[in-house]
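The next block holds one structure in the form of structure tokens; read it before the comments.
The values are calculated or read from the model by the stated rules, or taken from the named source; none is laboratory data. Keep in mind the model is a prediction, meaning the values are calculated, not measured. In this analysis, Cβ positions are derived from the backbone assuming ideal geometry, glycine residues included, and neighbour counts consider all displayed protein chains. In case anyone asks, the SASA skips ligands and DNA or RNA and just uses the protein heavy atoms, side chains included. Shrake-Rupley method; radii C 1.70, N 1.55, O 1.52, S 1.80 Å.
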Amino acid sequence: MSFLKEIQRRRTFGIISHPDAGKTTLTEKLLLFGGAIQEAGAVKNNKIKKGATSDFMEIERQRGISVSTSVLAFNYQDKKINILDTPGHKDFAEDTFRTLTAVDSVIVVIDVAKGVEEQTEKLVSVCRMRKIPIIVFINKMDREGKDAFDLMDEVEQKLGLTVTPLSFPIGMGYDFQGIYNLWEQNINLFSGDNRKNIEETIAFSDVQNPELEKIIGQKPADTLREELELIDEVYPKFDRQDYLDGKLQPVFFGSALNNFGVRELLDCFVSIAPSPRPKESETRLVDPTEEKMSGFVFKIHANMDPKHRDRLAFIKIVSGTFERNKPYYHVRLKKNLKFSSPNAFFAEKKEIVDISYPGDIVGLHDTGNFKIGDTLTEGEIMSFKGIPSFSPEHFRYINNADPLKAKQLDKGVDQLMDEGVAQLFTLEMNNRKIIGTVGALQYEVIQYRLEHEYGAKCTYENFPVHKACWVKPNDPKNEEFKEFKRIKQKFLAKDKYGQLVFLADSDFTIQMTQNKYPSVKLFFTSEFE
């Protein structure tokens, strides 16, 4: 197969939603269609001890939430599909923002009863900022929920999208009978008892066909005809270019748990979703069809296999082909590295691959060479934009609870911070370590993983900080800068990369500091011009 064909076969996308909207379940059902798994273990159902294939960290199994972003790949209709399943829980939002730098399109899952929730709003705004093509999947149609038209209005208003339905429910909840597929013009009926199998569809090229009444009943048939007419008048016709430009968002309805409406979504997705797209680097736009390899690290996961202390750096290939045992240039370290066992994924199953193409996600064993945002090339000096650290919202001192294990604690904290679980700040005054996180739940995850993966115990104590502000390096001879450092020394720290950070206890302090020392520039993300 030619290089160009391989690129056109690829579909790399993320599934995003508020927790519990059914994201992980949808991921599994997609894998089921791809023939990648034989049965689906519903994520929440404790009777099935299998657990979902994509949640493989102990803490995820206990809590029933996805904490780490996992990568799943499968083939479907001659397309190679890479799904990045992301945590929906807001405490792990930063991980999800990073994942969005590595996808070419997204599917947003919305719960029919709850409608658009706050986490969904945040994530969609990031997608819109980056003009990522979006498909909306409204889930749990077999439960009572909001009216389909009201939901589409809510999606338009709250998320600022322009939608057009490509499938439409026949009834809902108790009266849910199936899905009318506008994309292919056929009806898929819901039997509701059979959760594992894939339903047969009945083709209806003409909704006016009297057979329709026989199948779904007089009243539902009339309602459906009216609704389809309304859709025809109210919503724009689907236009692929508008979808790719992020101007139009198709909507599908279904029930992921009952495997309903998922095939319609997947079939349409495979034919309309973009293959790998060009990506902006700091110096130029990189096109996937270029011969030379380039890619970037968007995630690092320590201890994928608890028996071996290994770290995997997840790399998204942007252009060219990534070959095993070929040296690539690590831009930040300014040196060439070779990888003898690059991995492709299937949840926790990994296999070694000889060659990967743009759009693919490759896992590289890492002994500490990689940090999030690192770029690999064939010698060109460039780095890809858009993976900043944001200011954390919670700050705590981390203390060693077992003096004999100081080394393990340091190593564990270092590796978890490289992974991007949280941020580490070291106070300039006394070198005490402070961990900053986006959500409080991360402290539990860190404590749990330090103990179970590194054999180290830690305790926390509160540190009253409101925000971390990165300080733009200033001329050390500058009197104002010296004064700032002297007065604020208690609150100055270095981040992992040695950048100076001012830990402010309130918005008021930030304001005062900027008024008092105008030449000292403060930023809320680590990436500033």
Ordering H330, H466 from largest to smallest accessible area (1.4 angstrom probe), what's the sequence?
H466, H330
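For segment 245-305, which whole percent of the accessible surface, found with a 1.4 angstrom probe, sits on carbon and sulfur atoms? Each step should come with its number before you reach the end.
Details: 820 of 1750 Å².
On segment 245-305, the fraction of accessible area on carbon and sulfur atoms equals 47 percent.
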Report, by chain and number, residues whose modeled amide H sits under 5 Å from the one on T101, excluding near sequence neighbours (fewer than 5 apart, same chain).
none
Using 7 Å Cα-to-Cβ label points, what is the K122/R332 separation (nm, one decimal)?
2.3
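Net charge near A468: determine it from the other residues with C-beta under 10 Å of the C-beta of A468, scoring Lys and Arg +1 and Asp and Glu -1.
On the way: positive: K467; negative: E393, D495.
Result for the neighbourhood of A468: -1.
Give the accessible surface of segment 134-174 per residue, rounded to a whole number of Å², with probe radius 1.4 Å and ligands, DNA and RNA excluded.
On the way: 1490 Å² over 41 residues.
I get 36 Å² per residue for segment 134-174.
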Can you work out ³J(HN,Hα) from phi for every residue in segment 366-383, in order, using Karplus 6.51 cos²θ - 1.76 cosθ + 1.60 and θ = phi - 60°, giving whole Hz and x for Gly and Pro?
10, 9, x, 7, 9, 10, 4, x, 5, 10, 10, 9, 9, x, 5, 9, 7, 9
Return the carbon/sulfur percentage of the accessible area of segment 359-452, one whole number, probe 1.4 Å, all protein chains in place.
48
Give me the distance between the Cα centres of segment 482-529 and segment 404-450, rounded to whole Å.
21
Roughly how many Å² is the accessible area per residue of segment 427-492, as a whole number, for a 1.4 Å probe?
52
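Quick one: if the Förster radius is 45 Å, what FRET efficiency do Y448 and N515 give, using the C-beta to C-beta distance and rounding to 0.05? Write down the numbers at each step before the final one.
Working: r = 43 Å, r/R0 = 0.95.
Calculated transfer efficiency: 0.55.
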With 26 Å as the limit, write out which pairs from K279/K326; K405/K496; K80/K131; K140/K299; K140/K316 have Cα-Cα distances beyond it, or answer none.
K140/K299; K140/K316
